[in-house]
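Here is the structure we will look at, set down as structure tokens.
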Amino acid sequence: MVVFVPGFLGTEIYEKGIIDIKLWPVIDPLLHRRMALNANGEPDTDFHGNYTTYPGEVFETYWPFLGGHNQTKIFLDKLRDAGINVVKVPYDWRLDFSYKNTMKAVEDGIDSALAYSKGKPVTIIAHSAGGLVARYYLLKNPDAPVANFINIGTPNLGTPRAMKSLVMGDNLGVPILVNGICKKMVRNMLSVYQLLPGETFVNVYNEIYKDFNYTTFYYDEYNSITDYNATKKYIEDNYNADLFRQGMLFRSEIENNKLNASINEYRFVGYRRSNIMQIIREKREKDEKGSIVPFKIKEEDKYKMLFGIGDGVVPIKSADMNDDNAKVYYFDLSHMGLLSNSVVRRLEGRAVRKRNYTKIHDLIIDIVKGREVESPEKFLPFNVNISQLN
């Protein structure tokens with residue numbers, strides 16, 4: 001029996017009204033704007049103090065008329081075809097990952113799964129940020145009836161793409177989302193601050209990138225931001241300081257506590273795509289009088305990106321958490337490809353999804369069914385490279 005916790009963007013968002021309106025997933029950017037939160041990281045409230053927006057269902061396919069994204073459906077159908085019942089956990093991914101209603105949704109999912117399993121401990125499978133939601137729940141509920149915890153492409157140590165979303169906007173590869181709207185929308189999302197890397201991430205990659213002297217995930221020569229402490233101060237001074245502090249407290253909980261030893265944990269890590277490791281803002285040129293020359297280019301062109309290896313969203317050492325507390329499996333797959341076991345190639349201008357020949361689905365099914373699984377292979381460090389692109 002499986003409890004499935006989706007990632008960021010993976011649950012519908014509705015706005016209350018005479019007729020409730022779906023804000024996500026839809027193609028109208030004007031509706032996307034209405035998902036923005038106040039400075040406290042909360043939606044607007046009605047006369048009774050209740051939030052005016054709420055989570056709907058976990059969706060498996062969206063925008064079928066645009067070619068669709070159906071990786072979640074492919075994954076869950078594989079489980080169902082193997083005779084495994086799946087309970088989905090919807091939650092508002094804009095809010096605190098430890099928000100009481102989100103924790104209640106996980107608990108309700110487990111209770112529903114137990115009804116199917118007749119009390120037998122269940123397996124939690126979580127994708128992307130859903131792994132942080134599930135991990136926090138298990139840390140706070142160590143005696144939960146959970147046998148296995150499988151986190152797939154989870155930013156356990158954070159991801160620099162969260163910083164990119166604050167600084168530049170980031171549509172996470174969803175073409176209907178507009179970067180400019182995303183940038184304004186995420187400013188007051190506590191979940192985005194919880195996705196930021198912390199000092200552990202920087203220390204791990206500083207050890208890997210010794211020759212490069214990796215000291216922070218945001219490097220700004222103009223503002224003399226050259227290490228992690230300066231980056232923290234920059235975020236506090238320029239973004240939502242209260243939410244950032246809350247986000248780092250959450251990150252500390254995730255990184256510094258272990259799950260109950262009775263829970264078998266598995267981490268599935270992708271390494272098919274280049275991954276943003278550092279955002280670099282270089283010094284602006286000066287004119288003859290020594291004055292700073294204003295930028296006359298697009299916002300995104302003010303920056304350079306440093307890239308390493310990951311699944312395109314999550315760097316490998318964040319997904320594998322850089323410890324020995326779980327069985328870790330590595331796959332030549334992207335962030336969403338980890339669900340569909342497929343790769344997308346361009347063919348005559350069209351995106352064509354082709355099945356990748358990894359054993360990821362079979363492995364997960366064997367874990368859920370309690371079968372013996374192969375030991376993971378050690379990931380070779382030479383695959384952890386770094387490159388700089390404009």
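Summed over segment 118-158, the residues that are polar (S, T, N, Q), open to solvent by 10 Å² or more (accessible area, probe 1.4 Å) and part of a loop (DSSP other than H, G, I, E, B) give a count of 2.
Look at segment 6-22: where a residue is farther than 18 Å from Val313 by Cα and assigned to a loop (DSSP other than H, G, I, E, B) and a partner is among the polar types (S, T, N, Q) and open to solvent by 40 Å² or more (accessible area, probe 1.4 Å), sitting 6+ places away or on another chain with Cβ atoms under 9 Å, you get Lys16/Asn50. Here are some residues: Gly173, Gly247. Which one is under 17 Å from the mean Cα position of the chain (by Cα) and open to solvent by 40 Å² or more (accessible area, probe 1.4 Å)? None of the others qualify; the one that does is Gly173. Kindly indicate whether Asp220 is open to solvent by less than 10 Å² (accessible area, probe 1.4 Å), farther than 28 Å from Leu333 by Cα and acidic (Asp, Glu). Here the answer is yes, as Asp220 does meet what is asked. Among residues that are touching a residue at least 12 places away in the same chain (Cβ under 8 Å), of a type in the set (Phe, Trp, Tyr) and open to solvent by 30 Å² or more (accessible area, probe 1.4 Å), Tyr99 is not included.
Looking at Asn341, Asn325, Asn385, just one residue is of a type in the set (S, T, N, Q), open to solvent by 40 Å² or more (accessible area, probe 1.4 Å), at pLDDT 85 or above and within 22 Å of the chain's Cα centre (by Cα), and that residue is Asn325.
Can Ile27 be described as at pLDDT 90 or above, surrounded by fewer than 16 Cβ atoms within 10 Å (Cβ to Cβ) and not in a strand (DSSP E or B)? Against the criterion (at pLDDT 90 or above, surrounded by fewer than 16 Cβ atoms within 10 Å (Cβ to Cβ) and not in a strand (DSSP E or B)), Ile27 does not qualify. Hey, among the residues in segment 1-19 that are open to solvent by 70 Å² or more (accessible area, probe 1.4 Å) and at pLDDT 95 or above, which one's nearest to Tyr91 (Cα to Cα)? So, considering only residues that are open to solvent by 70 Å² or more (accessible area, probe 1.4 Å) and at pLDDT 95 or above, the one nearest to Tyr91 (Cα to Cα) is Lys16. Can you find a residue that is at pLDDT 90 or above, closer than 23 Å to Ile367 by Cα and either loosely packed, with under 12 Cβ neighbours inside 10 Å or of a type in the set (A, V, I, L, M, F, W, C) (or both) anywhere in segment 286-309? Looking for residues that are at pLDDT 90 or above, closer than 23 Å to Ile367 by Cα and either loosely packed, with under 12 Cβ neighbours inside 10 Å or of a type in the set (A, V, I, L, M, F, W, C) (or both), one finds none in segment 286-309, hence no. Taken over segment 14-29, residues that are within 23 Å of Phe97 (Cβ to Cβ) and out of contact with any Ser or Thr (no Cβ under 6 Å at 6 or more places or on another chain) amount to 5. In segment 171-189, the residues that are outside any loop (DSSP other than H, G, I, E, B) form Cβ pairs under 9 Å with partners that are of a type in the set (Asp, Glu), at six or more places apart or across chains, as follows: Asn179/Asp170; Asn179/Glu299; Asn179/Glu300; Gly180/Glu299; Cys182/Asp170; Lys183/Asp170; Lys183/Glu299; Val186/Asp170. Scanning segment 180-195 finds one or more residues that are β-branched (Val, Ile, Thr) and surrounded by fewer than 20 Cβ atoms within 10 Å (Cβ to Cβ).
Residue-by-condition table, conditions (1) part of a strand (DSSP E or B); (2) touching a residue at least 40 places away in the same chain (Cβ under 8 Å); (3) buried (at least 21 other Cβ atoms within 10 Å of the Cβ):
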residue	(1), (2), (3)
Asn206	no, no, no
Asp237	no, no, no
Lys258	no, yes, no
Ala261	no, no, no
Phe268	yes, yes, yes
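The values are calculated or read from the model by the stated rules, or taken from the named source; none is laboratory data. None of these values were measured; they are calculated from a predicted model. Cβ coordinates were reconstructed from backbone atoms using ideal geometry, including for glycine residues, and neighbour counts include every protein chain displayed. Side chains included, ligands, DNA and RNA excluded: accessible areas come from the protein's heavy atoms. Shrake-Rupley method; radii C 1.70, N 1.55, O 1.52, S 1.80 Å.
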